[in-house]
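Here is the structure we will look at, set down as structure tokens.
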Amino acid sequence: ALSATAINENVAAGSTVGILSSIDADAANTFTYTLVAGAGDTDNTAFNISGSNLRITASPNFEAKSSYSVRIRTTDQGGLTYDKAFTITITNVNEAPTDIALSATAINENVAAGSTVGILSSVDADIANTFTYTLVAGAGDTDNAAFTISGANLQINASPNFEAKSIYAIRVRTADQGGLSFEKTFTININNVNEVPTDIALSATTINENVAAGSTVGIFSSVDADAANTFTYTL
């Protein structure tokens with residue numbers, strides 16, 4: 001018999017799964033236990049026996065392997081034996097998320113207020129977990145107030161202007177359905193978009209009569225949000 005046939009994932013290497021005992025008509029007999037070859041010995045190498053303790057050799061991972069099969073022999077002090085196969089089950093334990101991804105970390109200037117920057121997703125060993133996302137205080141939260149999270153969508157609250165502010169910093173938390181969480185900072189870049197000039201200035205709008213043909217009346221300049229733009233002028 002084995003006192004327990006299940007153990008939680010992520011327990012330390014060498015943890016005891018259960019305690020072995022034997023049924024024998026001779027009440028005073030003593031027993032030794034060994035892992036032996038035969039039907040059901042598929043995962044013998046993943047376990048070891050110390051006295052009557054069946055121990056798992058390495059820390060188990062439910063997501064990698066959830067069930068093991070071992071074959072164990074009990075031998076009494078007179079050398080008589082009995083073999084039995086056991087199935088050892090690994091119990092799934094909720095694990096914390098380990099990363100957050102954002103599908104895009106840049107957005108064009110002048111997009112509408114409430115536009116989605118990108119979609120958040122989480123990295124977690126538990127593939128069936130569900131997640132909620134929030135903006136949280138901490139290192140890198142400088143511009144949290146400029147954004148909102150709706151479901152998994154990171155949205156910018158107001159239409160951004162590259163010329164006023166080109167980079168934002170935010171801090172996001174993902175929490176799984178069991179309340180375990182992970183936090184990460186993101187840099188959101190605003191893409192510069194070429195914008196239409198908004199005015200033309202002329203340095204002078206009068207000229208003396210009788211000046212030579214081809215004389216300059218004045219010099220044109222343009223008003224444009226894009227400071228580095230160059231311009232051509234035509235009638």
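Below, the figures for the structure above:
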item	result
Surface accessible to a 1.4 Å probe, Ile119 within the full protein complex, Å²	90 Å²
Probe 1.4 Å, all protein chains present, accessible-area order of Thr45, Thr75, Thr174, largest first	Thr45, Thr75, Thr174
Per residue solvent-accessible surface (Å²) - the chain, probe of 1.4 Å	57 Å²
DSSP-defined beta bridges in the chain - what % are antiparallel, rounded to 5	90 percent
Solution diffusion estimate, µm²/s, Stokes-Einstein, the range 1-77, Kirkwood Rh from C-alpha pairs, 37 °C, viscosity 0.692 mPa s	249 µm²/s
Cβ-based charge dipole, the range 36-110, positive-most Cα from Thr91, Thr75, Ala39	Thr75
Rounded to whole Hz, the Karplus (6.51, -1.76, 1.60) HN-Hα couplings of the range 147-155, x for glycine and proline	10, 9, 10, 10, x, 10, 9, 8, 10
Among Ala37, Ala146, Ala128: highest mean-square fluctuation, GNM of the chain, C-alpha pairs under 10 Å	Ala128
Max mean-square fluctuation residue, GNM over the chain, Cα-Cα springs under 10 Å, options Ala27, Ala169, Ala101	Ala27
Relative contact order of the chain, defined on C-alpha pairs under 8 angstrom at six or more residues apart (%)	15 percent
Equivalent ellipsoid dimensions for the range 161-235 as semi-axes, Å, which come from the Cα gyration tensor, largest first	55, 9, 8
Nonlocal amide H pairs with Val117, under 5 Å, H built at 1.01 Å	Leu154, Gln155, Ile156
Under the Debye formula (equal points on every Cα, no solvent term), log10 I(q)/I(0) of the range 12-163 at q = 0.17 Å⁻¹	-0.98
Kirkwood-Stokes translational diffusion coefficient of the range 100-235, alpha-carbon pairs, 25 °C, 0.890 mPa s, µm²/s	133 µm²/s
Cα-projected label distance for Ile167 with Thr205, points at 7 Å along beta-carbon direction, nm	4.3 nm
Long-range tail of P(r) for the range 52-114 (Cα pairs > 17 Å, %)	67 percent
Rounded to whole Hz, the Karplus (6.51, -1.76, 1.60) HN-Hα couplings of the range 30-44, x for glycine and proline	10, 9, 10, 10, 9, 7, 10, 6, x, 4, x, 8, 3, 10, 3
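The values are calculated or read from the model by the stated rules, or taken from the named source; none is laboratory data. Here the structure is a predicted model, which means the values were calculated and not measured. Cβ atoms come from the backbone with ideal geometry, glycine included; neighbour counts cover every protein chain shown. Areas reflect the complete protein model, heavy atoms only, side chains present, ligands, DNA and RNA absent. Shrake-Rupley method; radii C 1.70, N 1.55, O 1.52, S 1.80 Å.
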